[in-house]
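Chemist: Can you read through this structure? Questions will come right after.
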Amino acid sequence: MSLENARAIVFDLDGTLFDLTPVVHAARQRVATFLFSNGFFSTRAYARQRINTLERKHGPYYSSSPYYFAFFDIAKAVFKDKPDQVRRFLDKQNTDPEAEPVEALVAEMERVYNAEDVEDIRPYPDALHTLRELRHAGYKLFLVTLGRARRQRNKIECLGIAPYFDRIINEGPPAHAYWFSELMENHDLSPDQLIVVGDRTHDEIRAGNRQGLTTIWLRRGRFSRETPAIGDRPDYEIKYLAQISTLLHLSRIGKNPDRFRIAVIGGGTGLPTVLRGLRPYTRHPTAVVAVTDSGASSGRIRWNLGVQPPGDIRNALTALADPEQISQGLFNVFQHRFPNSEQESGIFKNDHIGNFLVAALTQQLGDFHAAIKTASDMLHVQGTVFPASTDNVDICAKLTNGEHRYTEWMVRKPGKPPIDLAYLVTNDTLLRELNRKNSALDRVIDPETGQVEICVRQGRKVSLEQDQIRAPRGALQAIADADIVVIGPGSLYTSVITNLLVPDIQKALVKRAQGKTIYVCNIVTQPGQTDDFRASDHLKSILKHIPENQRDGVIDHTLVQDLRIFQTPKSKDWHPLLKKYKKDGKILVESDTETLDALGPWTRADFLEEFHPDAIERGTGDFISHDPAKVADAICRIFCGLSVPDYWGLDE
């Protein structure tokens, strides 16, 4: 539904305006202590383990309900083993003698679980910022919370959020639907003028949908892994509260998801990161994807089948696949990577099924772009994916010592002098030189990686003709028409600059007469491409590949990670990985303020992905990533003139 008519927003409290996780953990600990102290379990730790196990079994939906299934299971088991002890306990509590013992014990556990004292809770880092923005923009704000009234009031006071709301409804039954109707009637609102924001699709989102309201699901916290039923699907899905304000500001300037045009230029894992984050803001993004990959699976397919590299294209396609339309089985197969083990995978070690599928379509249809369109239809892609070039091309580089490196794998390989300038040649040109009698180039197989490497024979020199390289017309039109063009993040030369070396794409960027072009800088340096680079070095390298008299205004804004977050207690989980990175020659990219100021507008903020334990086990070629929702929200905020909020909590 459209946000253009919105006049008011109703917020849920628990899990929507603050992180409920510490409160839930504290409540479970109280119940565990209660069970241990009254002799129902031998240790507090075992009681806590039982609660957690049953919570996982029954799911979070019932975790604070009087009919909390986990409590019922515990009470039933305790009464079976210790009936006399349970009855003595209930007698001390002056429980009604006619009450069923199991239900009475459940009620006692519920009472302990829902104690009125509130633990130290804080609003989400961007919550107050968002509420202030919305009030300043003239929206009426309502808070509806249907928990135990006194406890909920204590939470509201602890959070300090009451002054931001025009009305607070802190009641028990009736349900959300009643209060939504009451708000509309009392404040003269029609359904298309009221937005519902909550973290539970089975509760407040469902109620809003049934009344025809616009619904926004904050997919964060305990219910974030839910798969909503058909009637519970929200109109918008977000991860941070600040996105609400962004969406509303965009709608006010006529940029709703059907009319907002965004083109993203890049490759690797950086491009799909941005594409995934843009999903709430635009239904028709354009991806212009790097096509010079010669490493791993894509490299083997290129050398053996003579087609353009499919890997980065596959990443973009899956990032834009419509999860409500595509078969989950097809999606999983398309993304399947064979294990990196010859014993398990044989000659298919580390290969992607999706890469083979795109390559097969290319052979069948005789055209790489047609193959991408067909794969897009299969995956129900929302948006358009273009290769940066219609030609089969390779990136090469001249180094600062005058040497040259040929193909993407050799350009990004660590341990060489810094890159001076990158350029493109067609794969045909490279192959002609390789196959020429007495060629200066040699093709060898790295025995450790199995990777094809193109090397200049010792004592020889070679000069390759740089042919005319073309870009798809659709890609050029998308760049020209876009409200925003996003460049990066990703490997600086082999995922970002490689696209700008296509003359047509470079011209399209230089000639842009509307909107903004935003560069997203990497968080970590990459050995072989950006050793010891600061943020300004990344930007300078991009501009160096554009004619000097055309560089002004090509990049309108640059986004840089705020490294201060790594000095906060909340970042401690990242520290082992940063130590590992340092040994590998990867360091955090510093924002050198004075030099960046001289290069143009830029913003330093937190764009860091959420930590997951798997990050510690990432391979040498993997890097700390951006959070899709943070970086996409910041991009859209820069476009409509809003400040980028503190997603991390540095102000705390």
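What follows is calculated from the coordinates using simple rules that are stated; it is not laboratory data. Note that this is a predicted model, so its numbers are computed, not measured. Virtual Cβ from ideal backbone geometry, glycine too; neighbours counted across all protein chains shown.
Chemist: If you wrap a convex hull around the C-alpha atoms of the range 21-113 and split its volume per residue, what is the figure in Å³? Please report the intermediate quantities before stating the final value.
Modeler: Working: hull volume 8.0 nm³, N = 93.
Hull volume normalised by residue count: 86 Å³.
Chemist: Given a cut-off of under 8 Å on Cα pairs at least six residues apart, what relative contact order in percent is computed for the range 21-113? The partial results should precede the final answer.
Modeler: Working: 75 pairs, mean separation 28.9, N = 93.
Rounded, it is 31 percent for the range 21-113.
Chemist: If eta is 0.692 mPa s and T is 37 °C, what Stokes-Einstein diffusion coefficient results for the chain, Kirkwood Rh from Cα pairs, in µm²/s?
Modeler: Details: Rh = 27.6 Å.
Translational D for this selection: 119 µm²/s.
Chemist: State, to one decimal in nm², a quarter of the convex hull surface area for the C-alpha atoms of the range 504-585, i.e. the direction-averaged projected area. Present the calculation step by step, with values, prior to reporting the outcome.
Modeler: Working: hull surface 28.4 nm².
Averaged projected area of the range 504-585's Cα convex hull equals 7.1 nm².
Chemist: Would you calculate the separation in nanometres between label points at Lys57 and Arg457, each defined as 7 Å from the Cα along the Cα-to-beta-carbon direction?
Modeler: 7.3 nm
Chemist: Ok, one more. Can you give the FRET efficiency for Lys76 and Asn340, using 1/(1 + (r/R0)^6), R0 = 56 Å, r = Cβ-Cβ distance, to the nearest 0.05? Please list the in-between numbers first.
Modeler: On the way: r = 48 Å, r/R0 = 0.86.
Efficiency at R0 = 56 Å is approximately 0.70.
Chemist: So if I place +1 on the C-beta of Lys and Arg and -1 on the C-beta of Asp and Glu, and nothing else carries charge, what would the dipole magnitude of the chain be about its Cα centre? I want it in debye, nearest 20. If you can, show how the numbers build up before the last one.
Modeler: On the way: 81 positive and 85 negative charges, 187 e Å.
For this selection, approximately 900 debye.
Chemist: Which FRET efficiency, nearest 0.05, do Lys398 and Leu563 yield, Cβ-Cβ r, R0 22 Å? Mind showing how you got there, number by number?
Modeler: Details: r = 32 Å, r/R0 = 1.44.
Efficiency, from the Cβ-Cβ distance: 0.10.
Chemist: Now a separate question. At 7 Å along Cα-to-Cβ for each site, give me the label-to-label distance between Asp188 and Gln468 in nm.
Modeler: 6.6 nm
Chemist: To continue, here is another question. Looking at the chain only, what percent of DSSP beta bridges run antiparallel? Nearest 5 please.
Modeler: Working: 20 of 63 bridges.
DSSP beta bridges in the chain are roughly 30 percent antiparallel.
Chemist: Let me check the size of the range 78-132 from its C-alpha atoms; what are the radius of gyration and Dmax in Å?
Modeler: When restricted to Cα atoms, the range 78-132 yields Rg and Dmax of 19.0, 57 Å.
Chemist: Pull out the extension gain between Glu157 and Asp84, defined as 0.36 nm times the separation in residues minus the alpha carbon to alpha carbon distance; nm, one decimal.
Modeler: Values: separation 73, 0.36 × 73 = 26.28 nm, distance 4.24 nm.
So the extension gain works out to 22.0 nm.
Chemist: Using a cut-off of under 20 Å, list every residue of the range 585-617 whose amide N is near the label point 7 Å from the Cα of Asp552 along the Cα-to-beta-carbon line.
Modeler: The answer is 595-602.
Chemist: While we're on this one: Here is the link list: Lys511/Lys582; Lys140/Lys630; Lys398/Lys507; Lys461/Lys544; Lys544/Lys580; Lys255/Lys507. Which ones come out longer than 29 Å on Cα distance?
Modeler: On the way: Lys511/Lys582 40 Å; Lys140/Lys630 25 Å; Lys398/Lys507 23 Å; Lys461/Lys544 25 Å; Lys544/Lys580 32 Å; Lys255/Lys507 26 Å.
In this structure, Lys511/Lys582; Lys544/Lys580 exceed 29 Å between Cα atoms.
Chemist: Here's another thing I want to ask about it. Rounded to the nearest 0.05, what FRET efficiency do Tyr46 and Lys582 give with R0 = 41 Å and r taken as the Cβ-Cβ distance? Could you check?
Modeler: Numbers: r = 42 Å, r/R0 = 1.02.
My answer for the efficiency is 0.45.
Chemist: Given Cβ point charges of +1 (Lys, Arg) and -1 (Asp, Glu) and nothing else, what value in debye, to the nearest 20, does the dipole of the range 395-456 about its Cα centre take?
Modeler: On the way: 9 positive and 9 negative charges, 30 e Å.
Taking the Cα centre of the range 395-456 as origin, the dipole is about 140 debye.
Chemist: A further question on this structure: Dipole of the range 21-113, Cα-centred, from +1 at each Lys and Arg C-beta and -1 at each Asp and Glu C-beta, to the nearest 20 debye? Walk me through the numbers before you get to the answer.
Modeler: On the way: 14 positive and 11 negative charges, 104 e Å.
In debye, rounded to 20, the range 21-113 gives about 500.
Chemist: Find how many whole Å separate the alpha carbon centroid of the range 451-517 from the alpha carbon centroid of the range 342-388.
Modeler: 21 Å
Chemist: As a check on your grasp of the helix formula, calculate [θ] at 222 nm for the chain: sum -39500 (n - 2.57) over DSSP H runs of n ≥ 4, divide by the residue count, round to the nearest 500.
Modeler: Details: 25 runs with 249 residues, N = 652.
Value at 222 nm, helices only, nearest 500: -11000 deg cm²/dmol.
Chemist: Follow-up. Report the full-extension gain for the segment Ala137 to Asp91: residue separation times 0.36 nm, less the Cα-Cα distance, to one decimal in nm.
Modeler: On the way: separation 46, 0.36 × 46 = 16.56 nm, distance 5.76 nm.
Gain in length upon complete extension: 10.8 nm.
Chemist: Under the 0.36 nm per residue contour assumption, what length would be gained going from the current alpha-carbon distance of Ile230 and Arg167 to full extension? Walk me through the intermediate numbers first.
Modeler: On the way: separation 63, 0.36 × 63 = 22.68 nm, distance 3.09 nm.
Value of the extension gain: 19.6 nm.
Chemist: Measuring from label point to label point, each 7 Å out along Cα→Cβ, what is the Ser181 to Lys507 span in nm?
Modeler: 6.3 nm
Chemist: Still on this model: Explain nothing, just the number: relative contact order of the range 395-456, from Cα pairs under 8 Å at least 6 residues apart, as a whole percent. Could the numbers behind the result be given before it?
Modeler: Numbers: 80 pairs, mean separation 18.0, N = 62.
Once normalised by length, the contact order is 29 percent.
Chemist: The range 395-456: Rg/Rh from Cα coordinates, Kirkwood Rh?
Modeler: Rounded to two decimals, Rg over Rh is 0.96.
Chemist: Could you tell me the relative contact order of the chain? Use alpha-carbon pairs under 8 Å, at least six residues apart, and round to a whole percent.
Modeler: Working: 1165 pairs, mean separation 75.4, N = 652.
Answer for the chain is 12 percent.
Chemist: Mind grabbing the base-10 log of I(q)/I(0) for the range 71-193 at q = 0.09, 0.22 Å⁻¹? Debye formula, identical points on the C-alpha positions, no solvent, two decimal places.
Modeler: -0.45, -1.25
Chemist: Can I ask one more? What number, in nm² with one decimal, is the all-direction average of the projected area of the convex hull of the alpha-carbon atoms of the range 318-473?
Modeler: Approximately 12.1 nm², given one-decimal rounding.
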